[in-house]
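Only one structure is covered here, and it is reproduced in the block below.
A short reminder: the numbers here are calculations on the coordinates, not readings from a lab. These numbers were taken from a predicted model, which means no experiment stands behind them. Reconstructed Cβ throughout: ideal geometry from the backbone, glycine too, with neighbour counts over all protein chains shown.
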C-alpha cells in the first residue's frame, strides 16, 4: 500500500505535476491543504488513486465550516488524522497526525503518536525551506516513511512499527 502525502501546493501546478508524474501507482494521495482544489486539475495523473484532502485556513470552506477541517482515515490497522492546521486538533487516538501549514518538513513522536508534516510545494524554496513531500509504504505492522525533494531524491527515511 503506497500513500503520497502533499501539502501547501499553493496552486503550483508545475511542481505538483512533476511529483505526480514521478510518484506513480499510489493507492492514496493525502493533500493537507493550501490549495484544496489543486489536485482537481490532475485527473490524468490521479485517476486510479483515492484522494483525501483537507482545506487550508484561508479556504472559504474552512472559514464557513462547509468543509471538514479534519479527516480520519483507517487503512490496514493504522489510523491517520489529516489536518492543515495542527491547532484544530483537540484529542485523538490516531497513530499518525498528518498536518501542513508551517511549510516545515518534520516527523516527531509524542507518546504513542507520530506527527508528520511533509513540507511544502509552494515553490522551489520558501521560508528558507526546500520543497518536499512524503511517501508512505504501509503494511499492517509497520510503515516506511520517506521524505523526498521534488525530483524524487530521498532526503530521509524512517520506520514506524505498530
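Quick notes
- For 105, 17, order by how many other beta-carbon atoms lie within 10 Å, fewest first: 17, 105
- Taking each residue as 0.36 nm, the span from residue 125 to residue 52 lengthens on full extension beyond its C-alpha to C-alpha distance by 23.7 nm.
- Rounded to 5, percent antiparallel among DSSP beta bridges of the stretch 2-161: 65 percent
- Label-point separation, residue 112 to residue 68 (7 Å along Cα→Cβ), nm: 2.3 nm
- Among (1) 22; (2) 26; (3) 18, the entry derived from the coordinates for percent of Cα pairs over 25 Å apart: (1)
- Evaluated on the stretch 25-74, the Kirkwood hydrodynamic radius is 11.6 Å, with distances taken between all distinct Cα atoms.
- Of 35, 12, 117, the one that fluctuates the most in a GNM where the chain has Cα springs shorter than 10 Å: 12
- Contact order normalised by residue count of the chain, Cα under 8 Å, 6+ apart, percent: 22 percent
- Peptides 62-71, 20-29 ranked from most to least packed by the mean count of surrounding Cβ atoms within 10 Å: 20-29, 62-71.
- At R0 = 22 Å, FRET efficiency that the Cβ-Cβ distance of residue 40 and residue 2 yields, to 0.05: 0.55
- Kirkwood-Stokes translational diffusion coefficient of the stretch 110-162, alpha-carbon pairs, 20 °C, 1.002 mPa s, µm²/s: 176 µm²/s
- Taking 106, 9, 146 and counting other C-beta atoms within 10 Å, the order from fewest to most: 106, 146, 9
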